[in-house]
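Peer 1: Here you go, one structure.
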Amino acid sequence: TYQITIQDIPPTFIGGAEDDLWSTDANWVNEAKPDETQTASITAPVTIQDEDTINVNKVRVASAGSIHITSTGGLTVGEGGVQCVTTDGSAIIIDNLHSGAGFFRISPDCEDELPRITMRYQTKSTLDNGANKDAEWQYIGAPGNNATVYVDYNTWLYKHDETSADWVVEKRMDSVALVPFHGYSITQYGQPSYKWTADFTNQNCTIPL
């Protein structure tokens, strides 16, 4: 007597098409993309840039996989949560531009350990020779714990003081631990991009500016 067990193989992203987009059917095994009730298995780098958010119940990111959410993309994960083999934040990268921001949501019913993520920011323009007249300030907040950004001599980082409603300059030439879900503004001279990693935290929060 033989017993046959049929396993439910989750929709798997393997890439290999002409792009690395989640929305391209040919990047998925059997061209089967996951829906909101399924687990998405990510075994290669995938980019999400859809203006409409993608909904899945769970995400598993293999060591060779990663999820890049562009400034026009969004990913909502259900109570199944996110499992990442890589835990340094490189498995999930979210882009934020001056004109828009990608978003990443996990159901509050998720009881699994939440992932570490990387936030990438880019301003519209930079400082003019260190002067503020052409600075483009971007308002930011760290959606998680244990986020640190290094502020060098080209960077200006201000923290919002909710008591006085003033913007207070943070220390420079040093690492600054970002308070979760607190309001900051930042700009810098030269290359107008910067990033940090954080332990993703589920919390509904409005940041006062």
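The values are calculated or read from the model by the stated rules, or taken from the named source; none is laboratory data. These numbers were taken from a predicted model, which means no experiment stands behind them. Reconstructed Cβ throughout: ideal geometry from the backbone, glycine too, with neighbour counts over all protein chains shown. Heavy atoms of the whole protein, side chains included, go into the accessibility calculation; ligands, DNA and RNA do not. Shrake-Rupley method; radii C 1.70, N 1.55, O 1.52, S 1.80 Å.
Peer 1: Restricting to segment 138-162, name every residue that is under 22 Å from R116 (Cα atoms), open to solvent by less than 40 Å² (accessible area, probe 1.4 Å) and either touching a residue at least 40 places away in the same chain (Cβ under 8 Å) or among the aromatic types (F, W, Y) (or both). So that I can check it myself, show each step before the final result.
Peer 2: From segment 138-162, those under 22 Å from R116 (Cα atoms) are 139-151; that's our starting set.
The next check asks that each one be open to solvent by less than 40 Å² (accessible area, probe 1.4 Å); those that pass are 140-144, 147, 149, 151.
If the condition is that a residue be under 22 Å from R116 (Cα atoms), open to solvent by less than 40 Å² (accessible area, probe 1.4 Å) and either touching a residue at least 40 places away in the same chain (Cβ under 8 Å) or among the aromatic types (F, W, Y) (or both), then I140, G141, A142, P143, G144, A147, V149 are the ones that fit.
Peer 1: Taking P108 as meeting all but one of (1) surrounded by fewer than 18 Cβ atoms within 10 Å (Cβ to Cβ); (2) of a type outside the set (D, E); (3) under 9 Å from the mean Cα position of the chain (by Cα), write down the number of the exception.
Peer 2: Failed condition: (3).
Peer 1: For segment 163-208: of the residues being open to solvent by less than 40 Å² (accessible area, probe 1.4 Å) and hydrophobic (A, V, I, L, M, F, W, C), which is modelled with the lowest pLDDT?
Peer 2: I186
Peer 1: Within segment 2-12, is there a residue that is modelled with pLDDT of 95 or more and under 22 Å from T87 (Cα atoms)?
Peer 2: Checked against the condition, which is being modelled with pLDDT of 95 or more and under 22 Å from T87 (Cα atoms), segment 2-12 yields at least one hit.
Peer 1: Identify all residues within segment 77-90 that are in a strand (DSSP E or B) and either open to solvent by 30 Å² or more (accessible area, probe 1.4 Å) or over 16 Å from G102 (Cα atoms) (or both); write none if there are none. Give the derivation first.
Peer 2: First, the residues of segment 77-90 that are in a strand (DSSP E or B): 77-84.
Correct list: G78, E79, G80, G81, V82, Q83, C84.
Peer 1: Which of the numbered conditions does N57 fail, given that it passes all the others? Conditions: (1) surrounded by 15 or more Cβ atoms within 10 Å (Cβ to Cβ); (2) out of contact with any Pro (no Cβ under 7 Å at 6 or more places or on another chain); (3) closer than 30 Å to T148 by Cβ.
Peer 2: That leaves (3) as the condition not met.
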